[in-house]
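Novice: Quick one: the structure is below, questions incoming.
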Amino acid sequence: MTSLLLELDDVVVEYPAKGRGKEPFRVLHGVSLSVAPGETLGLVGESGSGKTTLGRAVLGLAPVTGGEIRFEGRPVSGLGRRERRALSKDIQVVFQDPYTSLNPALTVMDILTEPLLVTGVARAEAERRVQKLLGHVHLPQDAARRLPREFSGGQRQRIAIARALCRDPRLIVCDEPVSALDLTTQARVLDLFVEIQEATGVAYLFVTHDLSVVRHISHRVAVLYRGDIVETGDAAQVTEHPEHAYTKRLLLAAPVSDPERQAQRRAERLKAAAS
Amino acid sequence: MTTVEPSTAPAQRDRLLRRTLRDPVAVVCLAVLGLVIAGSLAAPLLTSHDPARSVLADTLAPMSGSHPLGGDGVGRDVLARLLYGGRTSLVGGTIAVLVAFAVGAPLGLVSGFYRGWFDAVAGWIVNIIMAVPAIIVMLVVMAAVSQDLNVAMIVLGVIMAPMVFRLIRASVLAVREELYVDAARVAGLGDARIMRRHILPVVIAPSVIQATQVFALAIGIQAGLAFLGLGKASQPSWGAMLNDAFTNVYNEPMLLVWPGLAMGLTILSSSLLGNAVRDALGVAEPVVAKRRRHRAKAAGAPVADLPADRLLTVSGLCVAYGEKTVVDGVDLIVARGEVLGLVGESGSGKSQTAFSVLGLLPDQAEVTADQLSFDGKDLLGLDLADLNALRGRGIGYIPQEPMSNLDPCFRIGFQLAEPMRKHLRLSRTEARTKALELLARVGIADPERVFRSYPHQISGGMAQRVLIAGAVSCDPRLLIADEPTTALDVTVQAEVLDLMRSLQRERGMGMILVTHDFGVVADICDRVAVMQRGRIVEAAPAARIFAGPAHEYTRMLLDSTLEGGPARGPLVTPAEPVKEVTS
């Protein structure tokens, strides 16, 4: 048990409905999964499947109304604000939108030193660490003095990654971190994620809708469909020989960049849909 | 005023000050306010007279050496009263501002940040305060509690606090949804620190503007009270001066001028300064409209000579915004019934190219081309009416974000039927029948229901089908689709692409498909044009592009697709940290 970093046990997330006496809106219907130290669990699903909510529940940003989330064997769902803050050393986040996840008014240095300063690290030490971090995410050293808007989407995402890394977390929740980026940038940012993982042994809960992204980055994949996990397995197995009907549909729907193979895949998909 | 962007805070505050100072109006206002403040502070140095002492002999005294501005109706020195009266006004205005912010700002911050019951209760109280008539309350307080004008200003501050409360609450509500606030929370920052670092700076700018307005308002109201004769006789004020001047208006009209001038200038500079700060906050630079839409650089080849199967011919297309050229000499040809993929990274100019064919670029865009012709018709120099006739009937458009392209106020049926009634001159019932047919054609299971629905009642995929139905409703010969499936789920994307392909074949439409996804290109396109930095670097039949890309950039784009790459494989050993990243 204790070898697992993160465990979700029958987790239910519900948002209260507007108006009295109405049923609350249930986003996650009892989801169970686990992430080992140093592992990437890819979480795939379409919009509305609850995949982002699951990530937010792990971060303590969504209301867990049933089940339990454990981090290193310790229940962490329903912690108070203070205990939650203590946990922020270990669990970090990279959001999807690199444009709104960085405060536009702060310099990169301010953004990156902030999480260190709150824990009582001296400013000089914090700045030294940040300079080092910028190197790790392959940003130029003079980046620290600049404002987020001076950077491209890919570079901003690198800043967000650096912010997630600055307190040496054990787990980073990545909520569609590359889906707003161009393909070429996407590949480079994904490589950075892998490189960092190999260097630090951090684990990722990697939320995405893109099967090829999930295949590239994940050790294991879980498929979320309408608030339920419908399939879990090794990345290769799930993305090549899926078992669940939904995953199969997902796979056949993803276009391949080769006209002939795509025509084949389309025919297969239409055949599967007809049957 | 409440829509100040979150981009206005500490690092930018110096810049704000500098930008404000660049405005000559702001500089003049600051100078006037500075003079008023200096005059009031230095009153004892500037005059030796006691503003409250009357000397009978000086009653309505003319301007003289000892009384530079003369004496008033009861023989007090006008200059002294003007200078000391300034103190009353400035102090009064400041009190009102401080009280309004001391009450309104913390309440607004907490209400906006935590919402919940606190917000509800605060909202109630604020509404009650706003319902109370301010002048009457102050009259009652001055009559019953104290004659001091400053007490009235405290009351005024409380009465104006709701304005501050609402402004600040609205600003906080806008930022608390920002992802960076979530990120700060995940980073372990306490609420107090989040408020100080991320929320407060955003609130400061609109607060400055609000403060100048409260200040000006308070000075005016205070003068009004004093003019009515309220306030202590020992407290000189501009309002009291006006009162005195009013009783002597026929004997000595000049008496009205001095306090009137002082008040007018102070209030005016204060409000104008607020405006200047607001203008300095406005990020948008003034737009220099360049309405030179579709102007030919040179006369192109005679349009009639084109081969019959050419639907769209673009040559030498340039789009520039001021100095910045985003499309730089693009040549494109779309044949009848052909699907052209326009591929490139963000910022490559692919959407700008597509939009300039539609004539949908903003006014600042300067579009020039050697040739831009559609189905034998020159698009250059078309006026808006001709262009409107062409859009819809000749060229259909499918946007990227289906939801933001449907008007939330109108039923879908209306939005579909209206263009058909206009372009095809159909009757209401004919348009309705055709709209229902179209909805069925684009694969909507219950056309009647969707026809009656509002956009928010349908899913994104459904909305995109509706827009496709709309785009083909007037039988266009060319369809321009700008990343039509990027916002959709993969499974929905596949269905929408199927639909677009079958409609395109069925109607023999030409199509320009703007995309960054080579999978989509492989699925549907006959020919591909690859754009990089405003130029087309390679254009070829789709099969050839995939089999052997000629240009280095195309090769790079194709190589970066993750699809088909090896899976990462299972985690072999729990990775031990090889090195710590930050230490």
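Novice: Given B:449, B:501, B:477, which one is within 14 Å of chain A (Cβ to nearest Cβ) and among the basic types (Lys, Arg)?
Specialist: Only one candidate qualifies: B:501.
Novice: Restricting to region B:478-492, count the residues that are open to solvent by 20 Å² or more (accessible area, probe 1.4 Å) and either closer than 14 Å to residue B:340 by Cα or assigned to a helix (DSSP H, G or I) (or both).
Specialist: Qualifying residue count, region B:478-492: 2.
Novice: Would region A:141-152 turn up any residue that is more than 10 Å from chain B (Cβ to nearest Cβ), in contact (Cβ under 8 Å) with a residue 24 or more places away in the chain, open to solvent by less than 10 Å² (accessible area, probe 1.4 Å) and farther than 30 Å from residue B:515 by Cα?
Specialist: There is at least one residue in region A:141-152 that is more than 10 Å from chain B (Cβ to nearest Cβ), in contact (Cβ under 8 Å) with a residue 24 or more places away in the chain, open to solvent by less than 10 Å² (accessible area, probe 1.4 Å) and farther than 30 Å from residue B:515 by Cα.
Novice: Say we look at region A:249-275 and pick out the residues that are more than 7 Å from chain B (Cβ to nearest Cβ) and basic (Lys, Arg); which of these is surrounded by the fewest Cβ atoms within 10 Å (Cβ to Cβ)?
Specialist: Ranking the candidates gives A:271 first.
Novice: Residue A:222 versus (1) outside any loop (DSSP other than H, G, I, E, B); (2) out of contact with any Asp or Glu (no Cβ under 8 Å at 6 or more places or on another chain); (3) crowded, with 20+ Cβ neighbours inside 10 Å; (4) more than 9 Å from chain B (Cβ to nearest Cβ): which is the lone unmet condition?
Specialist: (2)
Novice: Identify the single condition in (1) more than 53 Å from the chain's Cα centre (by Cα); (2) closer than 14 Å to residue B:236 by Cβ that residue B:44 does not satisfy, given that it satisfies every other one.
Specialist: Looking at each condition in turn, residue B:44 falls short on (1).
Novice: Restricting attention to region A:79-112, which residues are within 16 Å of residue A:54 (Cβ to Cβ) and either without any contact (Cβ under 8 Å) to a residue 24 or more places away in the chain or open to solvent by 50 Å² or more (accessible area, probe 1.4 Å) (or both)?
Specialist: If the condition is that a residue be within 16 Å of residue A:54 (Cβ to Cβ) and either without any contact (Cβ under 8 Å) to a residue 24 or more places away in the chain or open to solvent by 50 Å² or more (accessible area, probe 1.4 Å) (or both), then A:96 is the only one that fits.
Novice: With (1) more than 10 Å from every other protein chain (Cβ to nearest Cβ); (2) not in a helix (DSSP H, G or I) as the list, and residue B:188 as the residue in question, which single condition is left unmet?
Specialist: (1)
Novice: For residues that are assigned to a helix (DSSP H, G or I) and at pLDDT below 90, scanning just region B:208-243, find the one that is most open to solvent (accessible area, probe 1.4 Å).
Specialist: Ranking the candidates gives B:208 first.
Novice: Being more than 9 Å from every other protein chain (Cβ to nearest Cβ) and within 17 Å of residue B:192 (Cα to Cα) is the filter here, so list the residues in region A:102-112 that pass it.
Specialist: Within region A:102-112, no residue meets the criteria.
Novice: Counting just the residues of region B:353-373 that are open to solvent by 40 Å² or more (accessible area, probe 1.4 Å) and in contact (Cβ under 8 Å) with a residue 60 or more places away in the chain, which one comes out farthest from residue B:320 (Cα to Cα)?
Specialist: Checking each candidate, the answer is B:370.
Novice: Okay, next question. Just checking: which of the strands (runs of 3 or more DSSP E) contained wholly in region B:305-380 hold 3 or more residues that are in contact with a strand residue (DSSP E or B) (Cβ under 7 Å, 6 or more places away or on another chain) and under 14 Å from residue B:395 (Cβ atoms)?
Specialist: Because the criterion is at least 3 residues that are in contact with a strand residue (DSSP E or B) (Cβ under 7 Å, 6 or more places away or on another chain) and under 14 Å from residue B:395 (Cβ atoms), the strands (runs of 3 or more DSSP E) in region B:305-380 that meet it are B:310-321, B:371-374.
Novice: Is one or more of the residues making up region A:20-40 within 12 Å of chain B (Cβ to nearest Cβ), closer than 30 Å to residue B:488 by Cβ and part of a strand (DSSP E or B)?
Specialist: The answer is yes, given that some residue of region A:20-40 is within 12 Å of chain B (Cβ to nearest Cβ), closer than 30 Å to residue B:488 by Cβ and part of a strand (DSSP E or B).
Novice: Mind checking which pairs have a first residue in region B:443-464 that is aliphatic (A, V, I, L, M) and a second that is assigned to a helix (DSSP H, G or I), Cβ under 6 Å, 6 or more apart or different chains?
Specialist: Taking only residues 6 or more apart or on different chains, the pairs are B:444/B:450; B:444/B:465; B:450/B:412; B:450/B:439; B:463/B:403.
Novice: Just checking, which of B:237, B:271 is under 18 Å from residue B:33 (Cα atoms), free of Cβ contacts under 8 Å to residues at least 60 places away in the same chain and in contact with a helix residue (DSSP H, G or I) (Cβ under 9 Å, 6 or more places away or on another chain)?
Specialist: None of the others qualify; the one that does is B:271.
Novice: Can you name the residue in region B:23-56 that is without any contact (Cβ under 8 Å) to a residue 60 or more places away in the chain and among the charged types (D, E, K, R) and is also most open to solvent (accessible area, probe 1.4 Å) among such residues?
Specialist: Filtering region B:23-56 for residues that are without any contact (Cβ under 8 Å) to a residue 60 or more places away in the chain and among the charged types (D, E, K, R), the one most open to solvent (accessible area, probe 1.4 Å) comes out as B:53.
Novice: Which of the residues belonging to region B:164-185 are open to solvent by less than 10 Å² (accessible area, probe 1.4 Å), within 13 Å of chain A (Cβ to nearest Cβ) and among the aliphatic types (A, V, I, L, M)?
Specialist: Selection gives B:175, B:181, B:183, B:184.
The values are calculated or read from the model by the stated rules, or taken from the named source; none is laboratory data. Not measured: the values here are computed from a predicted model. For neighbour counting, all protein chains shown are included, and Cβ atoms are generated from backbone atoms with ideal geometry for every residue, glycine included. Quick note on the areas: whole protein, heavy atoms, side chains included, nothing else; ligands and nucleic acids left out. Shrake-Rupley method; radii C 1.70, N 1.55, O 1.52, S 1.80 Å.
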